[in-house]
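Read the figures in this text as sums done on the coordinates, not as results from a lab. Keep in mind that what you see is a predicted model, and the values were worked out from it rather than measured. Every residue, glycine as well, gets a Cβ built from its backbone with ideal geometry; the counts of neighbours run over all protein chains shown.
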Amino acid sequence: MPANLPPEYFEAEKKFKQAATLAEKLAALDDLIASVPKHKGTDKLRADLRRRVSQLNKEALALKKSKKGGRDSLYNIQREGAAQLALVGFPNTGKSSLLACLTNAQPVIADYPLSTVLPLPGMMPFEDIHIQLVDLPPIGNDSTDGWVSGILRTTDALVLVLDLGDEPDAQAALIVEQVGRWNIHVTGRDVEGRPGLYKRALIVANKKDLPGADENSEALKRKWGATLPVIAVSVHRKENLEDLKRAIFDVSGIIRVYSKPPGKEPDYSLPFTIRSGSTVIELAERVHKDFATKLKYARIWGSARFDGQKVEKNHVLKDRDVVELHV
Ligand SMILES: Nc1nc2c(ncn2[C@@H]2O[C@H](COP(=O)(O)OP(=O)(O)OP(=O)(O)O)[C@@H](O)[C@H]2O)c(=O)[nH]1
Ligand SMILES: [Mg+2]
C-alpha cells in the first residue's frame, strides 16, 4: 500500500467494500480511482484498480445478457402455480383467445395467422388453486418449432386447441403426428414404463358457435373420445368454460390435499398440491422432511371408507382428501 493516500481514498474504499450491486461497485471504484494521486508510488495501485473495473464491466455485461438479451430467458417460462399446461394448435384456432378469457394475461388476438410469436403465460384460477397456462405460436412453423417443442417437453400437460369450423378431426391427427415427430406421445392417462415421452393431453374444440360445429364436435368425440378427453367450447359465447377449467385441472395430473393437525380443524386455506397417485408418505415428505421418517400412520377424511379412518403410509390419496399425519 503506497504511503500518503488522502482520506478520500479510504472513504471511497469503504464505500466500495459496502457496495451490494455491480453498479454500486463500479461507481465506488470510479471514486476510488479518482481519489488516488497520480505519481510513481501509486502506479501499481492504479493499474490494479483499472483491472478491477474491467473485470466488473465484464460481469455486468454477462449479467445483462442473461437477464434480457439472452434467447433462453425470452423463450423460457418461469413455472408458477400448481401445474403448467401449454396451449398447442394450428394458426387461428383461438389459443390466445382462450388464454385471455381464462387468465389475467393479455395476448395479441387477431384474425390473421401467426399472431403469437412468443410464449406468454397466464394464471388460471381454479377453485382454491392457480394453474399456469402458456400460450404458444402455432406448431408446424420452422422458426419457432425448436423452442416450442422444448416447452412441450417440460410442461405438465398439453391443451390441444382445435377450430370446429376447420376440419377439427384432421387438425387433431396432424397435431398428434407433429408432436410425435418430437417423440412426445399424447395420452389421456399416465403411462409408465413405455419408451418415449408421454404427456397427458386434452382436446379443446373451440368455436362451438360456428355453423356445423355441433356435428363436427360429435364426430370428434366419436373418433378421439376413447383416447383423449374432448370438450367443445366457444370462447366468444363463453360456453362450457367452467367445464373446461375442471377438465384442465383433471388433466394436469395433480390433486389437492389438506393437512390437519391431530385434534384441530383442517387448514383449508392452503392445499398441498401433489401428483395424482401420491401416497400418504409422499405427502408427509412434502409437509416436512422429518415427517416422512417419523410418520407412524395417518387418518383420512374423504377417500377412505369412513371418515377419520386410519390408513397405512402407502395409501393412495385422492383430490380434496383431508389428512391427519401422526408422527
Ligand atoms: N367464432 C369464433 N371465433 C373465435 C372464437 N375464439 C377465437 N375466435 C377468433 O379466432 C381468431 C384467432 O384467434 P386467436 O386467439 O388469435 O388464435 P390463435 O390460435 O392464438 O392464433 P395464432 O396465434 O396465430 O396461432 C380471432 O379472430 C378470434 O376472434 C370463438 O369461440 N368463436
Ligand atoms: Mg395466438
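Details
- Cα-based equivalent ellipsoid, the stretch 7-69: semi-axes from gyration tensor eigenvalues, Å: 25, 14, 6
- Along its three principal directions, the equivalent ellipsoid of the stretch 220-307 from the Cα gyration tensor extends over semi-axes of 35, 15, 12 Å, largest first.
- When the alpha carbon gyration tensor of the stretch 170-327 is reduced to an equivalent ellipsoid, its three semi-axes come out at 39, 20, 12 angstrom, largest first.
- Scanning the chain for DSSP H helices at least 15 Å long along the axis (C-alpha atoms) with a Kyte-Doolittle mean no lower than 0.5 picks out 22-35.
- Electrostatic dipole magnitude of the stretch 7-69 [Cβ: Lys, Arg +1; Asp, Glu -1; Cα centre; debye, to 20]: 400 debye
- The value obtained for the stretch 1-43, namely the Cα convex hull volume divided by the number of residues, is 63 Å³ per residue.
- Build a GNM of the chain with springs between Cα atoms under 10 Å apart, and of G165, G89, G308 the one that fluctuates most is G308.
- Placing +1 on the Cβ of every Lys and Arg and -1 on the Cβ of every Asp and Glu, with no other charges, gives the chain a dipole of roughly 1540 debye about its Cα centre.
- Residue with peak Gaussian network fluctuation, the chain [Cα springs, cutoff 10 Å], from A201, A62, A110: A62
- Remark: C-alpha extents of the stretch 74-252 on the principal axes read 38, 37, 36 Å, sorted largest to smallest.
- Over all pairs of different C-alpha atoms, the chain has a mean inverse distance whose reciprocal, the Kirkwood radius, equals 23.9 Å.
- Build a GNM of the chain with springs between Cα atoms under 10 Å apart, and of D169, D250, D30 the one that fluctuates most is D30.
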